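Peer 1: Please find one structure pasted underneath; my questions will follow.
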Amino acid sequence: MIRCVIVEDEIKSRETLKGLLERFCPEVLVSAEADGYISGKKAIEEHKPDMVFLDIEMPDGSGFKLLQSLDSIDFELVFTTAYEQFAIKAIRYSALDYLLKPISPDELIAAVEKVKQQKIKKNNLKNIQVLLSNMKPGALESKKIILNTAEKIHVVEIDNILRCESDNYYTHFYFDGGGHLLISKTLKEVESLLEGNNFIRPHKSHLINIRFIRNFSRDNGGIITLSDETKIPVSRRKREKILEIINNL
């Protein structure tokens with residue numbers, strides 16, 4: 001049995017989530033409900049749940065503030081929120097789960113399944129630490145991202161990612177100064193995750209950090225040379241857009 005606490009300021013949303021859990025996830029027992037930051041902190045500390053469903057925006061304080069106030073975090077975390085771009089991006093960087101309202105039963109089942117499979121809770125703590133770091137004022141200049149490999153969880157600076165290269169359902173990450181990781185995500189997923197962080201996709205198999213572009217050659221339709229001397233082909237249909245971006249650097 002998985003014991004959970006629901007922290008949500010809207011009673012209707014709490015009742016809806018509780019009903020979905022009873023119907024679709026009977027292995028989850030709701031130990032306590034809370035309607036805000038203060039009551040949520042108290043419920044988590046008293047009931048010591050295996051899992052917490054946490055709303056982001058509440059009248060007396062945010063879900064992020066609640067996490068920062070806890071002496072220890074030894075539970076699995078799933079955010080429940082209406083769509084808010086910056087918060088969702090930060091959550092995705094940290095590789096934590098979130099459910100958008102109205103909550104889909106299929107997505108709820110998937111989130112609970114991940115909790116059931118999560119065996120090393122210190123990994124979850126590392127993810128939460130990355131999330132809180134990215135939410136601090138000024139964090140936009142030095143954002144971190146969680147990258148999971150078969151062996152480890154890696155915390156990396158986004159600005160240090162030199163380029164990404166597709167390998168079917170996997171993506172190779174290459175870093176400034178050397179280093180390489182193979183991640184179980186498609187390049188399309190990685191592109192979506194890194195959107196807005198100075199990455200461009202000049203070719204279907206390549207995603208590059210424009211900070212590391214050294215030059216552009218018009219040979220063979222277009223070749224970008226990066227700071228580590230890697231040469232990246234530019235597809236014909238993306239040539240004009242890539243040239244415009246490079247000319248504006």
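Bear in mind that the values in this text are calculations on the coordinates, not laboratory data. As the structure is a prediction and not an experimental result, all values here were calculated from the model. Cβ coordinates were reconstructed from backbone atoms using ideal geometry, including for glycine residues, and neighbour counts include every protein chain displayed.
Peer 1: List, in order, the whole-Hz ³J(HN,Hα) value for each residue of the stretch 67-74 obtained from phi through the Karplus relation with A = 6.51, B = -1.76, C = 1.60 and θ = phi - 60°; use x for Gly and Pro.
Peer 2: Per residue, the Karplus-derived 3J(HN,Hα) values read 4, 5, 7, 7, 6, 8, 10, 10 Hz.
Peer 1: Same structure, new question: Quick one: Debye curve from the C-alpha atoms of the chain, no solvent, what's log10 I(q)/I(0) at q = 0.07, 0.09, 0.14, 0.16 Å⁻¹?
Peer 2: -0.30, -0.47, -0.93, -1.11
Peer 1: With an 8 Å Cα cut-off and a minimum separation of 6 or more residues, compute the relative contact order for the chain in percent.
Peer 2: Details: 413 pairs, mean separation 25.4, N = 249.
The value is 10 percent.
Peer 1: Rounded to the nearest 0.05, what FRET efficiency is calculated for Thr149 and Arg23 with R0 set to 41 Å and r the Cβ-Cβ distance?
Peer 2: It comes out at approximately 0.70.
Peer 1: Over the chain, what is the percentage of antiparallel beta bridges among all DSSP beta bridges, to the nearest 5?
Peer 2: Percentage antiparallel, nearest 5: 60.
Peer 1: A further question on this structure: Taking amide H atoms as placed 1.01 Å from N in the peptide plane, list the residues 5 or more away in sequence, or in a different chain, whose amide H sits under 5 Å from that of Val30.
Peer 2: Cys4
Peer 1: Among the listed pairs Lys89/Lys185; Lys152/Lys231; Lys144/Lys204; Lys12/Lys188; Lys18/Lys41, which have their C-alpha atoms separated by more than 27 angstrom in this model? Before the final figure, lay out each step's value.
Peer 2: Numbers: Lys89/Lys185 17 Å; Lys152/Lys231 29 Å; Lys144/Lys204 25 Å; Lys12/Lys188 36 Å; Lys18/Lys41 19 Å.
Check vs 27 Å cut-off fails for Lys152/Lys231; Lys12/Lys188.
Peer 1: Oh, and also: For the chain, with a Gaussian network of springs between Cα atoms less than 10 Å apart, report the residue from Glu165, Glu27, Glu151 with the top mean-square fluctuation.
Peer 2: Greatest mean-square fluctuation among the candidates belongs to Glu151.
Peer 1: What nm value, rounded to one decimal, do you get for the distance between Asn160 and Lys12 when each label is placed 7 Å out toward the C-beta?
Peer 2: 4.7 nm
Peer 1: Same structure again: Computed over the Cα atoms of the stretch 2-134, what is the convex hull's projected area averaged over all directions, in nm²?
Peer 2: Working: hull surface 27.9 nm².
In nm², the orientation-averaged hull projection of the stretch 2-134 is 7.0.
Peer 1: Here's a follow-up. What does the charge add up to near Thr80, with Lys and Arg as +1, Asp and Glu as -1, over the other residues with Cβ less than 9 Å from its Cβ?
Peer 2: Numbers: positive: Lys101; negative: Glu8, Asp55.
Result for the neighbourhood of Thr80: -1.
Peer 1: Then there's this: Skipping prolines and chain starts, which residues have an amide H placed within reach, meaning under 5 Å, of the one on Glu57, given they are 5 or more residues away or on another chain?
Peer 2: Sorted by chain and number, the residues that satisfy this are Gly63.
Peer 1: Which ³J(HN,Hα) values, rounded to whole Hz and listed in residue order, are derived for the stretch 8-18 from phi using the Karplus coefficients 6.51, -1.76 and 1.60 in 6.51 cos²θ - 1.76 cosθ + 1.60 with θ = phi - 60°, glycine and proline given as x?
Peer 2: 3J(HN,Hα) across the stretch 8-18, in whole Hz: 7, 6, 8, 4, 4, 5, 5, 5, 5, 5, 4.
Peer 1: Only counting other Cβ atoms within 10 Å, I'd like Cys164, Cys25 sorted with the fewest neighbours first.
Peer 2: Details: Cys164 25, Cys25 19.
Ascending number of Cβ neighbours within 10 Å: Cys25, Cys164.
Peer 1: For Leu162, what residues show an amide H to amide H distance below 5 Å, using hydrogens built from the backbone and excluding near sequence neighbours?
Peer 2: For Leu162, the qualifying residues are Tyr174, Phe175, Asp176.
Peer 1: Provide the per-residue ³J(HN,Hα) series for the stretch 173-189, in order, calculated from phi with Karplus coefficients 6.51, -1.76, 1.60 and θ = phi - 60°, each as a whole number of Hz, with x at glycine and proline positions.
Peer 2: Once rounded to whole Hz, the list reads 9, 10, 10, 4, x, x, x, 7, 9, 10, 10, 7, 9, 6, 5, 5, 5.
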